[in-house]
1. If each of residue 224 and residue 85 carries a label point 7 Å out from its Cα toward its Cβ, how far apart are those two points in nm?
2. Give me 218, 179 ranked fewest to most by other Cβ atoms within 10 Å of their Cβ, as a rough exposure proxy.
3. Based on the Cβ-Cβ distance from residue 231 to residue 98, what FRET efficiency comes out when R0 is 45 Å, to the nearest 0.05?
4. Provide 99, 206, 55, 165 in ascending order of the number of other Cβ atoms located within 10 Å of each residue's Cβ, fewest first.
5. Could you tell me the center-to-center distance, by alpha carbons, between segment 156-202 and segment 103-121 in angstrom?
6. Using a Förster radius of 30 Å, what is the FRET efficiency between residue 256 and residue 55 based on their Cβ-Cβ separation? Nearest 0.05, please.
7. Taking neighbour counts of Cβ atoms within 10 Å as a proxy for exposure, in what order, fewest first, do 173, 245 appear?
Ligand code: HEC
Ligand code: HEC
């Protein structure tokens, strides 16, 4: 690991430990382990990584033998070309060359449930495409369309079939997030580290443009930069609840109760 990266890691862990020591959070490991067969990273590693690579860049041994080569999900071309719907279709039907021959990308219908396929597609969107569901890019990146309707992106739901409760999420936010992100979500919390770490301002347009339940869930679970990971200290339901609270309060601006 690059030394500065290692130092950054260490800083995050120290921060995380301090954060955890300071807050009492519910534990619910049993519930989480029941859902583990749907865990997207496990599915991806098991079924897809051999060709697409663990980092989704398609740089695998298999690449040398395959024509067409496996997709790299991490470049701008993929973001432009691969909408969520298109990827779901690909998983269901496989792909064909121009002259109608099957490629190495087979149909996964026999191997994966519809829910697992959706989970995998959302995982690809979030982990490899920068959390920007490609539905936003069906105009092939024409800058004039940059600020068009993003409501489609909001349809990216929570993993594991979670039904979030934003009212409960509000309490989770107050207990665990507000100290850094602030009561107004502007990143100006009272935690003395906040000024230095620059927590995300949830009112910023670029955040609002791409945040979805799924991207929020993923960030809160795995962390990002100096944002601590919560997967060890919070159960999936609380992570979904707080994600939905942030989404409704700052992004979709919907009431906390109801759908
Ligand atoms: C045996 C190798 C292999 C495996 C395993 C594999 N893929 Fe692929 N995948 C490919 C190849 C090759 C392409 C490029 C196909 C093309 O260009 O038509 C591709 C393309 C894709 C695309 C883009 C489709 C398009 O229109 O370009 C998606 C999305 C995708 N794969 C998802 C997955 C997922 C999810 C899994 C795991 C369930 C998976 N792949 C497993 C080889 C593989
Ligand atoms: C110790 C301070 C701290 C705490 C506590 C904290 N965050 Fe963060 N958060 C950050 C920082 C710093 C960033 C910016 C990380 C980056 O972009 O590198 C961030 C970024 C984020 C982002 C944006 C990620 C993105 O893709 O841009 C979200 C969403 C978020 N935090 C949600 C939460 C939620 C929900 C909680 C409570 C469960 C929480 N944070 C608790 C410091 C914190």
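1. 2.6
2. On the way: 218 22, 179 19.
In increasing order of surrounding Cβ atoms, one gets 179, 218.
3. Details: r = 43 Å, r/R0 = 0.97.
The value I calculate is 0.55.
4. Details: 99 5, 206 9, 55 14, 165 18.
In order of increasing Cβ crowding within 10 Å: 99, 206, 55, 165.
5. Answer, in whole Å: 33.
6. Details: r = 37 Å, r/R0 = 1.23.
Rounded to the nearest 0.05, the efficiency is 0.20.
7. Working: 173 20, 245 25.
Going from least to most buried by this count: 173, 245.
All of the numbers you see were taken from the coordinates with simple rules; none came from a lab. On a predicted model such as this, the values are computed, not experimentally measured, just so you know. All Cβ positions, glycine included, derive from the backbone under ideal geometry; neighbour counts span all protein chains shown.
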